[in-house]
1. Given the condition under 23 Å from Val236 (Cβ atoms), in a loop (DSSP other than H, G, I, E, B) and among the acidic types (Asp, Glu), answer yes or no: does some residue in region 113-121 qualify?
2. On the given criteria, is Val138 surrounded by fewer than 22 Cβ atoms within 10 Å (Cβ to Cβ) and either touching a Pro at 6+ places or on another chain (Cβ under 8 Å) or among the hydrophobic types (A, V, I, L, M, F, W, C) (or both)?
3. Within 25 Å of Gly86 (Cα to Cα) and outside any loop (DSSP other than H, G, I, E, B): is that true of Arg218 in this structure?
4. Of the residues in region 283-339, how many are part of a loop (DSSP other than H, G, I, E, B) and either of a type in the set (Gly, Ala, Ser) or more than 24 Å from the chain's Cα centre (by Cα) (or both)?
5. Just need a number here: residues in region 46-65 that are out of contact with any Leu (no Cβ under 7 Å at 6 or more places or on another chain) and either surrounded by 15 or more Cβ atoms within 10 Å (Cβ to Cβ) or not charged (D, E, K, R) (or both).
6. Pairs needed: first member in region 170-187, within 16 Å of Gly220 (Cβ to Cβ); second member anywhere, assigned to a helix (DSSP H, G or I) and among the acidic types (Asp, Glu); C-beta distance under 7 Å; at least 6 residues apart or different chains.
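The values are calculated or read from the model by the stated rules, or taken from the named source; none is laboratory data. Keep in mind it's a predicted model, so treat the numbers as computed, not measured. FYI the Cβ positions are ideal-geometry reconstructions off the backbone, even for glycines, and counts take in every protein chain you see.
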Amino acid sequence: MNAPSLRPGRTKTLLLALAVCAAVPYLAILGWLKWHETDLIYRPQRVMHDVPGDLGLVPERLRITDAAGAAHPLWVYRTRPAADAGWVIFLHGNAANVSSAMNVARCHQLSLLGLNVVAVEYPGFGESPGEPSEPGMVAAGMTAWRWLTEDLGVPASRIALYGWSLGSGAATQVAADVDEGALVLEGAFTSVSDLAAEEYPYLPVRWLLRHPFASHSRIGRAGSPVLLLHARDDEVVPFAHAERLHEAAMGLRQLVPLSGGHVYPNLVREDDYLHALHGFLGSALGSPLTPPPRSLVTLLLEAADGGSTARAEALALAQRIGAGRETGFNAASYAWSYAARRWRSIDAADADALTAAAARPGR
């Protein structure tokens, strides 16, 4: 006896039903992603933090209103008189605000080079009202630009735009529309669309995004030299993004490979980080910069993996620095704390001794 078979009409009906069953959850996923795009891209932090006193930085807290009537908070760190200083507009990354530790650390490192810094807050982040968005971030960056060039009269050629992580997207867009002296991108992506497509290769995310941050298509319009700082071990934004941005940039451009993941290359490779910024910005802005200090944190991190003898020698140096008998190092509190966390994972007693050295009154 032959096995029963479906009639052609029933076969088509069955296939259509299966297709609908498969399409409904797929479309539901797309709808959910579309509806939650803002929550998936932006992770604003509202809680504000004090700037550590040992840094010697007292931010001038401003609220500047743009042409649309929106007020944008700016934190201004001045190290030199405006007339002869180089300036950096710093656009921070995600899951933070202008007061977050690693943003303040980067502003401090820039100030060590003799640069004045304007740290930009975005709508929906920190003390800035509103909702996070790509246009809002760009508007905040443009507000800082206009404040410097129009209110303070700083020549555009002496202003650098610095975008870290999510801030790189806004910095690149601002750079495409103004005539800045330099563009620095750290941990930068080619676009949020590219990152999303890598994360969800089975979904048409490029068609869904309203906030694409299309840096790859805009960086060629930046008329200034471009410095790309990127860790090879960055697991948030792969190093390949920096390579593609480097290829797309026009004119003078430099890619400096670092290590330290997405958040800490400014500490893990602080010597390389500071020297890259010093050489690049000193040349691009035409402003004499202060030579960078030696990196205490890099020295301590290298010693952490060098065995007990290396740690003992590094600890002796750290104790002299903590007591004020050795100078020329960046001995900021963020450097001590990051190194101590690394040491604690290897030897708790050495980490305690390092923490004690950091607390010495000679600092």
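1. Filtering region 113-121 down to residues under 23 Å from Val236 (Cβ atoms) leaves 119-121.
When the remaining residues are screened for being in a loop (DSSP other than H, G, I, E, B), the result is 121.
Next cut, among the acidic types (Asp, Glu) only: 121.
Yes, because at least one residue in region 113-121 is under 23 Å from Val236 (Cβ atoms), in a loop (DSSP other than H, G, I, E, B) and among the acidic types (Asp, Glu).
2. Spelling it out, Val138 is indeed surrounded by fewer than 22 Cβ atoms within 10 Å (Cβ to Cβ) and either touching a Pro at 6+ places or on another chain (Cβ under 8 Å) or among the hydrophobic types (A, V, I, L, M, F, W, C) (or both).
3. Details: within 25 Å of Gly86 (Cα to Cα): yes; outside any loop (DSSP other than H, G, I, E, B): yes.
Taking the combined requirement at face value, the residue satisfies it.
4. To start, the set of residues in region 283-339 that are part of a loop (DSSP other than H, G, I, E, B) comprises 286-293, 305-307, 323-328, 331-332.
With the extra rule that they be either of a type in the set (Gly, Ala, Ser) or more than 24 Å from the chain's Cα centre (by Cα) (or both), the set shrinks to 286-288, 305-307, 323-328, 331-332.
Qualifying residue count for the region: 14.
5. First, the residues of region 46-65 that are out of contact with any Leu (no Cβ under 7 Å at 6 or more places or on another chain): 46-50, 52-61, 63, 65.
Filter again for either surrounded by 15 or more Cβ atoms within 10 Å (Cβ to Cβ) or not charged (D, E, K, R) (or both), leaving 47-49, 52-53, 55-59, 65.
Within region 46-65, residues that are out of contact with any Leu (no Cβ under 7 Å at 6 or more places or on another chain) and either surrounded by 15 or more Cβ atoms within 10 Å (Cβ to Cβ) or not charged (D, E, K, R) (or both) number 11.
6. Short answer, once both residue conditions are applied: none.
Per-residue answers, yes or no, for (1) of a type outside the set (Gly, Ala, Ser); (2) loosely packed, with under 15 Cβ neighbours inside 10 Å; (3) in the same structural domain as Leu227 (by TED's automatic domain parsing):
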site: Arg269; (1), (2), (3): yes, no, yes
site: Gly279; (1), (2), (3): no, no, yes
site: Arg311; (1), (2), (3): yes, no, no
site: Ile321; (1), (2), (3): yes, no, no
site: Ser333; (1), (2), (3): no, no, no
site: Leu354; (1), (2), (3): yes, no, no
